[in-house]
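A quick write-up on the structure given underneath.
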Amino acid sequence: MKHFDPDHNLTEDEITELMSLAMLSPTAFNIQHWRFVIVRDKELRKQIRSVSWDQAQVTDASLLIVLCADLKAWEKEPDRYWRNAPGPVQEFMLPAIDQYYRDHDQVQRDEALRSCGIAAQTLMLAAKSMGYDSCPMDGFDFDAVGKLINLPDDHIVAMFVVVGKGTKAAWPRPGQLPMNEVVITDRF
Ligand SMILES: Cc1cc2nc3c(=O)[nH]c(=O)nc-3n(C[C@H](O)[C@H](O)[C@H](O)COP(=O)(O)O)c2cc1C
């Protein structure tokens with residue numbers, strides 16, 4: 001969806017419901033490293049639009065959510081992620097987390113993007129279930145957006161999801177590939 005009613009707002013309860021659902025998205029080792037920046041400041045929304053190819057959804061949608069990830073969440077008190085698990089599970093998981101991510105910068109970044117991608121889809125499906133429309137976006141200057149939202153050094157921006165009340169039908173699908181090109185059986 002590319003066109004949104006600029007006068008519509010989600011209620012605080014709706015925002016809480018939407019974000020509660022997004023937070024149920026799975027993450028490897030349950031590290032929950034996504035950070036969802038909801039941009040409420042109208043001036044900041046305009047500044048972000050100006051570094052997002054002037055795309056109208058950035059200011060017209062009810063919510064602009066900048067999906068970010070903490071690349072170092074795996075080493076920030078990781079016992080939090082397993083505190084309700086049985087002792088032996090904790091004893092297995094905590095060293096496994098450390099071993100999986102430590103000194104593996106590419107793995108940390110890949111994992112962040114995987115998790116944000118899944119969370120973005122959760123947000124979009126949850127929004128739809130609440131009667132709203134959405135648009136995933138990466139048409140923006142990542143460094144400029146990072147500066148505008150004071151992105152910490154050990155975080156990255158993954159993408160935006162905007163959510164709101166659509167005012168026009170989505171564009172027709174512009175060119176779906178045939179299933180036999182994208183679905184592979186057993187081996188390439
Ligand atoms: C990662 C990602 C980034 C996207 N970035 C933009 C964007 O910046 N602006 C935009 O209007 N649409 C953006 N889209 C939407 C795609 O253009 C759209 O999903 C695609 O054309 C297929 O249309 P459909 O989702 O209606 O099937 C993006 C989609 C994805 C998955």
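For region 7-50, how many residues are in a loop (DSSP other than H, G, I, E, B) and open to solvent by less than 80 Å² (accessible area, probe 1.4 Å)? Steps first, please.
In the first step, residues of region 7-50 are kept if they are in a loop (DSSP other than H, G, I, E, B); the result is 7-11, 23-27, 31-33, 39-41.
With the extra rule that they be open to solvent by less than 80 Å² (accessible area, probe 1.4 Å), the set shrinks to 8, 10-11, 25, 27, 31-33, 39.
Total meeting the criteria: 9.
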For this session: State all residues of region 71-98 that are surrounded by 19 or more Cβ atoms within 10 Å (Cβ to Cβ) and outside any helix (DSSP H, G or I); if no residue qualifies, say none.
Result: LEU71
For this session: Inspect region 65-87 for any residue being out of contact with any Leu (no Cβ under 7 Å at 6 or more places or on another chain), of a type in the set (A, V, I, L, M) and under 30 Å from THR167 (Cα atoms) and give the result as yes or no.
Result: yes
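Condition test on ALA96, is it in contact with a strand residue (DSSP E or B) (Cβ under 8 Å, 6 or more places away or on another chain) and either more than 28 Å from GLU12 (Cα to Cα) or at pLDDT 95 or above (or both)?
Working: in contact with a strand residue (DSSP E or B) (Cβ under 8 Å, 6 or more places away or on another chain): no; either more than 28 Å from GLU12 (Cα to Cα) or at pLDDT 95 or above (or both): yes.
Considered against the rule, which asks whether it is in contact with a strand residue (DSSP E or B) (Cβ under 8 Å, 6 or more places away or on another chain) and either more than 28 Å from GLU12 (Cα to Cα) or at pLDDT 95 or above (or both), ALA96 comes out as no.
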Problem set entry | Residues located in region 51-67, provided they are more than 18 Å from ALA144 (Cα to Cα) and open to solvent by 40 Å² or more (accessible area, probe 1.4 Å) | ASP60
Problem set entry | Of all residues in region 102-132 being over 16 Å from MET159 (Cα atoms) and of a type in the set (Asp, Glu), the one that is surrounded by the most Cβ atoms within 10 Å (Cβ to Cβ) | ASP105
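Restricting the search to region 93-132, which residues are among the acidic types (Asp, Glu) and free of Cβ contacts under 8 Å to residues at least 60 places away in the same chain?
Kept after step one, since they are among the acidic types (Asp, Glu), are these residues of region 93-132: 98, 103, 105, 110-111.
ASP98, ASP103, ASP105, ASP110 - these are the residues of region 93-132 that are among the acidic types (Asp, Glu) and free of Cβ contacts under 8 Å to residues at least 60 places away in the same chain.
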Problem set entry | Tally of residues being within 11 Å of the ligand (Cβ to nearest atom), open to solvent by 30 Å² or more (accessible area, probe 1.4 Å), among the hydrophobic types (A, V, I, L, M, F, W, C) and touching a residue at least 24 places away in the same chain (Cβ under 8 Å) across region 133-186 | 3
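The values are calculated or read from the model by the stated rules, or taken from the named source; none is laboratory data. None of these values were measured; they are calculated from a predicted model. As a convention, Cβ positions derive from the backbone with ideal geometry for all residues, glycine included, and neighbour counts pool all protein chains shown. Side chains included, ligands, DNA and RNA excluded: accessible areas come from the protein's heavy atoms. Shrake-Rupley method; radii C 1.70, N 1.55, O 1.52, S 1.80 Å.
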